[in-house]
Ligand SMILES: [Ca+2]
Ligand SMILES: [Ca+2]
Ligand SMILES: [Ca+2]
Ligand SMILES: [Ca+2]
């Protein structure tokens, strides 16, 4: 029995050792300059199979990325574009050409997607938004299951969850607003929560202590709050 316990202990410890982390590595250390990085998203932005890092800078008023140089070493910051009070960034292929584009929102609701030329050079396209502001968060997911990634956002004022259908060729519909309300949505995530094959949407209320999800009810219909 003692041998068995000892064996189990050593297996447990060896599993633990695989999940430990080394010291932190620094991509950016310009804290004295107040660039205020607020959001990150990781994807292969230059198509060389390694993971690069895109960053939204709030007070820096810009979006930028860091190229993975291999083995976890990163380039200096590569500027993509000025962006007023950039608050949230999400990497996803938005024009279905197999390279990873960027979806960005500012604190006051400005939104744009940045078309990747495949090598990490980006071209900005503005997205028409209703008057939303305050801690805007963004994400992209194929909500209507037509093979392209649609856009999602939350805003504080008014407190809303919204989505834009991807119409193809880099065009998006007007904003659709989810039914139901939540006070100051402060998180945004997607996953198939009811195992019916489509992506559902989760958020949480900063001011009303709620974590909720919206069931995706299928093609062309608004999700239903759970
Ligand atoms: Ca890369
Ligand atoms: Ca693309
Ligand atoms: Ca879609
Ligand atoms: Ca589902």
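Each reported figure results from applying straightforward, stated rules to the coordinates on display, with no laboratory input. No experiment lies behind these values; they were computed from the predicted model shown. We place every Cβ from the backbone using ideal geometry, glycine too, and count neighbours over all the protein chains shown.
Brief remarks on what is shown
- Structural descriptor for the chain: relative contact order 10 percent, calculated from alpha carbon pairs under 8 angstrom and at least 6 residues apart.
- Cα-based convex hull volume of region 14-113 per residue, rounded to whole Å³: 132
- When only alpha carbons are used to place a centre, region 113-167 and region 183-206 end up 15 Å from one another.
- Whether the chain is rounded, prolate or oblate, judged on the alpha carbon gyration tensor where a/c under 1.5 counts as rounded: oblate
- With an a/c value of 1.5 or above and a/b not larger than b/c for the gyration tensor axes a ≥ b ≥ c computed over the alpha-carbon atoms, region 64-168 is described as oblate.
- Mean Cβ neighbour count within 10 Å, used as a protection proxy, ranking 164-172, 90-98 highest first: 90-98, 164-172
- Extension gain, residue 196 to residue 183, is 1.9 nm, computed as 0.36 nm per intervening residue step minus the present C-alpha separation.
- Dividing the summed -39500 (n - 2.57) terms of all DSSP H runs of n ≥ 4 by the residue count of the chain sets its mean residue ellipticity at 222 nm at -2500 deg cm²/dmol.
- Anisotropy class of region 96-226 from Cα gyration tensor, a/c 1.5 cut: oblate
- Residues residue 48 and residue 25, FRET efficiency given R0 of 30 Å [Cβ-Cβ distance, rounded to 0.05]: 0.95
- Theoretical FRET efficiency, 1/(1+(r/R0)^6), r = Cβ-Cβ of residue 209 and residue 108, R0 22 Å, to 0.05: 0.25
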